[in-house]
């Protein structure tokens, strides 16, 4: 990878860390084990705002990175102004709103309690769900945005998958060159990346 790739991935990783930490802090300060439903009603829309801001930041980073790739590798300026990210910011990978994506969290925490899990551990499970959701939806929005830009702009010819650390079998399938119409596998918390190839 080039220095440009490294800097982009470092900034994106930092954004993901900030979003997760903010959502985790919001969860800790808001969720009341003695009043789960009411406290989740307060938490969910505020957490959605944090995740949406993270998605918007990630889309902006990705657009700048892709434009820089074209400039550095092909000595031309790419105009990605038409690709605003509006299709992905504020939505989950499944197409629902971010608040709808978190609607099941209270019942999932209460299910843990119903199974005999101690309340503090069940509440901690909810925090894990919220952090994972935030990370997945920021990363997913960036993935979807880059796929739209690279497939529709005419500036790119494909992508090369780059795995990180010990990888599962599906992640290993990301390695090497792929055409733009080939899908990129990503599991929750996945740190694998793509290096886009300029046409």
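One table, with the values for the structure above:
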quantity	calculated
Cut-off 17 Å, label 7 Å out along Cα→Cβ of residue 6, residues of the stretch 148-185 by amide N	162-165
Helical mean residue ellipticity (222 nm; -39500 (n - 2.57) per DSSP H run of 4+; nearest 500) of the chain	-20500 deg cm²/dmol
Segments 89-96, 154-161 sorted - mean Cβ within 10 Å per residue, highest first	154-161, 89-96
Quotient of Cα Rg and 2.2 N^0.38 Å for the stretch 11-92, N being how many residues it contains	1.48
C-alpha long axis of helix 119-152 to longest principal axis of the chain, angle in °	20 degrees
Ellipsoid semi-axes in whole angstrom, largest first, where each is sqrt(5λ) of the Cα gyration tensor of the stretch 1-149	36, 15, 11
Gained length - residue 164 relative to residue 182, 0.36 nm times residue gap less alpha-carbon distance	4.5 nm
Taking N as its residue count, the alpha carbon Rg of the stretch 73-149 over 2.2 N^0.38 Å	1.58
0 to 90° range, to nearest 10: angle between helix 105-114 axis and the chain longest Cα axis	50 degrees
Angle in degrees between helix 3-30 and the longest Cα principal axis of the chain, rounded to the nearest 10	10 degrees
Most to least packed among 190-198, 48-56, 170-178 [average Cβ atoms within 10 Å]	48-56, 190-198, 170-178
Extension gain (nm, one decimal) between residue 76 and residue 17, 0.36 nm per residue minus Cα-Cα	17.9 nm
The stretch 3-154: relative contact order in percent, alpha carbon pairs under 8 Å with at least 6 residues between	34 percent
Relative packing of 103-110, 139-146, which averages over residues the other C-beta atoms within 10 Å, highest first	139-146, 103-110
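Bear in mind these aren't lab numbers, they're just calculated from the coordinates by the rules spelled out. Being a predicted model, the structure only gives us computed values, none of them experimental. Cβ sites come from the backbone with ideal geometry, for glycine too, and all protein chains shown count toward neighbours.
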